[in-house]
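See below for the structure under consideration.
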Amino acid sequence: MNASTPLQEQEPLFYLRGVRYRYNGRQLALDGIDLDIHRGEQVVLLGANGSGKSTLLKMLDGIISPSQGTMRALGQEIRAVAAGEDAFHFHREVGLVFQDPDIQLFSATVFDDVAFGPLQLGLSAQEVKERCAEALANMEATHLAKRAPFELSGGEKKRAAIASVLSLRPEVILLDEPTAALDPRTKWLLLNLIRKLGEAGKTLVTTTHELEIVPLIANRVVVIGEERRILADDTPERILGNRDLLIQANLIHENLHQGGLNQILSSKTAWQD
């Protein structure tokens, strides 16, 4: 496709229409999702706990498929991917970083975890080493390579888990609550690393309910309400400036002082300065 083609005219990487999902055929998790995500976007799925945003992220990763509706991802029917059809190729292009990094870190050392994906591709030993070195360097985690996952702090585990996805060099990186349970210093370090991935051209989709991180990692925000539907889809500035919307989505309490939102909106400028 011509590189000059406007983003909105390109075939979206993800196309969802009327998507619903029920766990065990009963519990409604998503209810009528219409969504396009294009190459190179940095999208935040913003919603309160229980709104269905993590379920949507798993669907984007092809782990589950809609109970109802139409969904395509990277030109493939997501139902086929979830059923295992060409799933290996799909997961070379789309990588999911789970909220709990212990799900992804299962080897004796961090290097072994980061090398696991490239080894499955049948690459030479030299190329595996090069990919691991690149992924660890991108996450500023080279010094962690020989350590066991259980020896790492929460923030170090997050960085190692992201590196294990980056070693596959995916087109799309999905991040589920990446800053959950991190101390402030580690949180800002991780956000800076995620921001650099976006600047490098990666397509990023991140779930969170933490408003203060949104301006730093997103150029688009999709708000999912407690009704498990999309309430709004706009720029970070417009979403965070809409106090009524944030109250409706249970992202702030109505008694929160307006100055708190203004501080969040100014955080991106402060970060750049």
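Given the criteria small (G, A, S), at pLDDT 95 or above and closer than 19 Å to T55 by Cα, does G84 qualify?
Values: small (G, A, S): yes; at pLDDT 95 or above: no; closer than 19 Å to T55 by Cα: yes.
Spelling it out, it is not the case that G84 is small (G, A, S), at pLDDT 95 or above and closer than 19 Å to T55 by Cα.
For region 15-46, which positions are free of Cβ contacts under 8 Å to residues at least 60 places away in the same chain and buried (at least 20 other Cβ atoms within 10 Å of the Cβ)?
L16, V19, Y21 - these are the residues of region 15-46 that are free of Cβ contacts under 8 Å to residues at least 60 places away in the same chain and buried (at least 20 other Cβ atoms within 10 Å of the Cβ).
So that you can scan it fast, the table gives a plain yes or no per residue for (1) assigned to a helix (DSSP H, G or I); (2) free of Cβ contacts under 8 Å to residues at least 60 places away in the same chain; (3) of a type outside the set (S, T, Y):
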{"residue": "L191", "(1), (2), (3)": "yes, yes, yes"}
{"residue": "L197", "(1), (2), (3)": "yes, yes, yes"}
{"residue": "G201", "(1), (2), (3)": "no, no, yes"}
{"residue": "L204", "(1), (2), (3)": "no, no, yes"}
{"residue": "E212", "(1), (2), (3)": "yes, yes, yes"}
{"residue": "L216", "(1), (2), (3)": "yes, yes, yes"}
{"residue": "V223", "(1), (2), (3)": "no, no, yes"}
{"residue": "R228", "(1), (2), (3)": "no, no, yes"}
{"residue": "A232", "(1), (2), (3)": "no, yes, yes"}
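Hey, can you tell me all the residues within region 47-59 that are among the aliphatic types (A, V, I, L, M) and surrounded by fewer than 23 Cβ atoms within 10 Å (Cβ to Cβ)? Give the derivation first.
Step one: list which residues in region 47-59 are among the aliphatic types (A, V, I, L, M), which gives 48, 56-57, 59.
Residues satisfying the conditions are A48, L57.
Test each condition in (1) under 28 Å from G75 (Cα atoms); (2) within 19 Å of the chain's Cα centre (by Cα) for L136 and report the one that comes out false.
(1)
Looking at T142, T179, T186 in this structure, which one is among the hydroxyl-bearing types (S, T, Y), surrounded by 15 or more Cβ atoms within 10 Å (Cβ to Cβ) and under 16 Å from the mean Cα position of the chain (by Cα)?
T179
Could you identify the single residue in Q42, Q68, Q120 that is among the polar types (S, T, N, Q) and at pLDDT below 95? Give the steps one after another, and end with the answer.
Details: Q42 fails: at pLDDT below 95; Q68 fails: at pLDDT below 95.
Within the list Q42, Q68, Q120, the selection yields Q120.
Within region 25-59, which residues are part of a strand (DSSP E or B) and aliphatic (A, V, I, L, M)? Before you say what the answer is, go through the steps one by one.
Initially, region 25-59 is screened for residues part of a strand (DSSP E or B), giving 27-37, 42-47.
Correct list: L28, A29, L30, I33, L35, I37, V43, V44, L45, L46.
What residue, among those in region 60-95 that are assigned to a helix (DSSP H, G or I) and not hydrophobic (A, V, I, L, M, F, W, C), is surrounded by the most Cβ atoms within 10 Å (Cβ to Cβ)? Please lay out each step first, then the result.
Of the residues in region 60-95, the ones assigned to a helix (DSSP H, G or I) are 60, 78-82, 87-93.
Restricting the remaining residues to those that are not hydrophobic (A, V, I, L, M, F, W, C) gives 79, 89, 91-93.
Values: R79: 15, H89: 11, H91: 19, R92: 16, E93: 16.
Among those that are assigned to a helix (DSSP H, G or I) and not hydrophobic (A, V, I, L, M, F, W, C), it is H91.
With the structure loaded, tell me whether A137 is more than 22 Å from T55 (Cα to Cα) and assigned to a helix (DSSP H, G or I) or whether it fails that test. Steps first, please.
Working: more than 22 Å from T55 (Cα to Cα): yes; assigned to a helix (DSSP H, G or I): yes.
The answer is yes for A137.
The values are calculated or read from the model by the stated rules, or taken from the named source; none is laboratory data. Keep in mind that this is a model prediction, so the values were computed, not measured. Note that each Cβ is placed from the backbone with ideal geometry, even for glycine, and that neighbours are counted across all protein chains shown.
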